[in-house]
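One structure is given below, encoded as structure tokens.
The values are calculated or read from the model by the stated rules, or taken from the named source; none is laboratory data. All figures in this text were calculated on a predicted structure; none of them were measured in a lab. Glycine also receives a Cβ, built like all others from the backbone with ideal geometry; neighbour counts cover every protein chain displayed. Accessible surface areas use protein heavy atoms only, side chains included; no ligands, DNA or RNA. Shrake-Rupley method; radii C 1.70, N 1.55, O 1.52, S 1.80 Å.
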Amino acid sequence: IGVRLVGSEMCIRDRYTSQAAERPGRSAAQNKGGTHMETNVPEKDVAELDAKQLEEELNKNVGVAVDYSTMTRNNLFKFLIFSAIGVWVFFIPTNIGGVSNVPMVLLIDAVKALLGPTVMNWMVLILCIALSITFTISRIQKDGPIRRFHKKDGWGTGILYYLSAVFAVMVVFNVGPSQIVNDSVGIEAIGLAGSTLLTVTIAGWLVNFLIEFGILEFIGTLMEPIMRKVFKLPGQSAVTAVSAFVAAPAVGVFMTDRLYHENVYTHKEACCVATNFSVVSLGFFALLVTITDTQYMYGKVVISSLVIVFILAAIVIRIPPLSMKKDRYYNGVEQTDAMRKSSKYSRDTMKKAVAASTTKVSQTPYSIFVTSIPGVLSFTVKIVTFVQALATIALFISNYTPFFDWIGMPMVPYLELCQMPDAAAIAPATLVGIAEIALPVMTIAGMKIAPMSIFFVIVLSTVQIIFFTESANAMMQSDLNLKFPELVLIFLIRTLIAIPIVAVFAHVLF
């Protein structure tokens, strides 16, 4: 999608608007009714022609590229082998050295054991200090690589950089208040930050097997016919959903905003995709189970979360505030019933899915495993500082104040109704995720609670979608015009609907 979109930026919008401008007397408002003043053709028919023309343009210029000539033996082999490696690494438990887990987690654990806590703590300290320095420089410089690196970082983010450096110095050098440098707060927080560093780096690199070698396009193409019927969304949204799932929530929001600009999504569709399918990445799932020391749950958590995300999407898209958004494209064209018509499965669907996969791998050089490293690292270092700062704050509040207990009290009866064990202990975790997705898991880290409850908190936090340290900020910075109160409302709606669904999965699996 990225390759196709870069090549067609402005193409669809410019071509369509120029064609519309060439029609004398034509305006977007005239699509509402009456007759065309130049041709005496009913405006309804002209609007349908415009809709058909736009749909053809969209299919030709955006979405999953399909070139049947790429279905060669080499490309098929490349797709099957590298995609199989990706599925194995992320999803298939394997017994190595008497320990059974998915290979990605086994690799992360091995590197963690090799480095040891002291080395990892120093790595976190160096990164936190470095980010606080580069952020300061970016506030002074008007241009340059450091300025571009921190382009989207406001002062709120900068404060987290500074706090992370202060907290890391206090823990590594054992200076400062005992409430910060003790095992249950400071030591725990810097340990989580170190785990984040390894997890996101390793998983972010391994995810190339899923992103770059066709399985994304394969799944998206197979899901395309059902997206309109079940989710009232175009087929491309399936690919957007899976892209966010294997990359990062911000990636899903970015792709959605771009496709809205390219008239693939209407405003309503774009808002629905962004708030329902901007799922956390596979690497972050690994981090969440690492925080609670429940790596054995990884496979169950990932599959359950993906299924529940799609169940929630089918519900939330159909109710306010999303159902009240306008079905209007970025260029002002109103979506018609003809444009919402869903495609159907046919004998050629599988062939098209394979062709989409081979088209992707034909464009993917093996050097991607090297060229992707800078992007992975630049994303990782920022996440590490956020975890260091936010984990310290969250653990301090959890250990020394009743704040989390207070905000969780209204949710206790609801959780008890769903027959969740340790309802009072996990209730705060149901709402704090709106600030940062890792916070719910951090609030229960180290607690002696039932595995079912741990699973419940992890999965619920991943399906809430809206959190203001990343996804929600990306949504507000996009052109989707989603406001803070609206995002808070969507978060609460998703949470209330998700709790009984996640509870059912928890009872079945545990």
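State the Kirkwood hydrodynamic radius of the stretch 396-499 in Å, one decimal place, computed from all pairs of distinct Cα atoms.
About 14.1 Å for the stretch 396-499.
Pairs LYS232/LYS344; LYS151/LYS382; LYS232/LYS360; LYS325/LYS483; LYS112/LYS300: which exceed 19 Å Cα-Cα?
Where the Cα-Cα span goes over 19 Å, the pairs concerned are LYS232/LYS360; LYS112/LYS300.
Which three extents, in whole angstrom, do the alpha-carbon atoms of the stretch 303-445 cover along their principal axes, largest first?
For the stretch 303-445, the Cα spread along each principal axis is 59, 44, 34 Å.
Quote the FRET efficiency, to the nearest 0.05, computed for GLU334 versus ILE303 with a Förster distance R0 of 30 Å and r equal to the Cβ-Cβ distance.
0.15
Take peptides 295-303, 413-421, 459-467, 203-211 and line them up by average Cβ neighbours within 10 Å, highest first, as a rough protection proxy.
Most protected by this proxy first, the peptides run 459-467, 203-211, 295-303, 413-421.
With a probe of 1.4 Å, find how much accessible area the stretch 422-510 has per residue, and write the answer as a whole number in Å².
32
Leaving out ligands, DNA and RNA, what percent of the accessible area of the stretch 271-388 is carbon and sulfur, probe 1.4 Å?
Answer for the stretch 271-388 is 62 percent, counting heavy atoms of protein chains only.
In nanometres, what is the gap between the two model label sites at LYS351 and LEU377, each 7 Å from Cα along Cα-to-Cβ?
With each label point 7 Å from Cα toward Cβ, the separation is 4.7 nm.
Counting every Cα pair in the stretch 282-355, what percent are over 21 Å apart?
Here the tail beyond 21 Å accounts for 62 percent of pairs.
Suppose each label sits 7 Å from its Cα in the direction of the beta carbon; what would the THR118-MET447 distance come out to in nanometres?
Distance between label points: 3.5 nm.
Highest mean first, how do 364-376, 323-335, 264-276, 440-452 rank when packing is the count of other Cβ atoms within 10 Å averaged over residues?
264-276, 440-452, 323-335, 364-376
Full-extension gain between ILE226 and ILE85, please, as 0.36 nm times their residue separation minus the C-alpha to C-alpha distance.
48.0 nm
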